[in-house]
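The values are calculated or read from the model by the stated rules, or taken from the named source; none is laboratory data. Fair warning: this is a prediction, and the values are worked out from it, not measured in the lab. With ideal geometry, Cβ positions are generated from the backbone for all residues, glycine too; neighbour counts draw on all protein chains shown.
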Amino acid sequence: MREIKYRAWLPEWEMVTVSSVDMYDGKATGIMYIGDLLDGQADNFELMQWTGLVDKNGVDIYEGDVLSDTHKRTFEVRWQSGYEPEMEVGFWLKKTYTNEIFPFHYTKDIGGLGMEVIGNIYENPELLK
């Protein structure tokens, strides 16, 4: 079984590593985090789950990350909840240059394909253009 990890974007602060998640009725209602000697509970956050994969540099790949391949094409990592019948639940890559999406599980060897994390959609929105 793979490890489950989260991080969160706190708009008023920064990206933080999440140590625990409070859930209510299937939704995240709060998080505990530690960063720069800051320990507390946040109520305004964007929660991102780790995909279980790492890039070519060994960096963890999370939902919301932007990846680049060896051809300098960029991809946004997304979670697809399967609300469309032809789409399965799981992590997907969205090509930022065509808006086409495809299942992330095509390969577990993302690093071997030369993919690397170059930012994320919250701190680097310009990468989506």
If we ask which residues in segment 61-78 are surrounded by 15 or more Cβ atoms within 10 Å (Cβ to Cβ) and either outside any loop (DSSP other than H, G, I, E, B) or of a type in the set (S, T, N, Q) (or both), their number turns out to be 11
Expected output for segment 114-129 (first residue in contact (Cβ under 8 Å) with a residue 24 or more places away in the chain, partner surrounded by 16 or more Cβ atoms within 10 Å (Cβ to Cβ) and part of a helix (DSSP H, G or I), Cβ below 9 Å, 6+ apart or cross-chain) is ILE118/LEU127; GLY119/LEU127; ASN120/LEU127; ILE121/LEU127
Exercise. Does PHE104 satisfy being closer than 15 Å to LYS5 by Cβ, surrounded by 12 or more Cβ atoms within 10 Å (Cβ to Cβ) and modelled with pLDDT under 90?
Worked result: no
| request: Would you mind stating whether GLY58 is surrounded by fewer than 10 Cβ atoms within 10 Å (Cβ to Cβ), under 27 Å from PRO11 (Cα atoms), small (Gly, Ala, Ser) and modelled with pLDDT of 85 or more? | output: yes
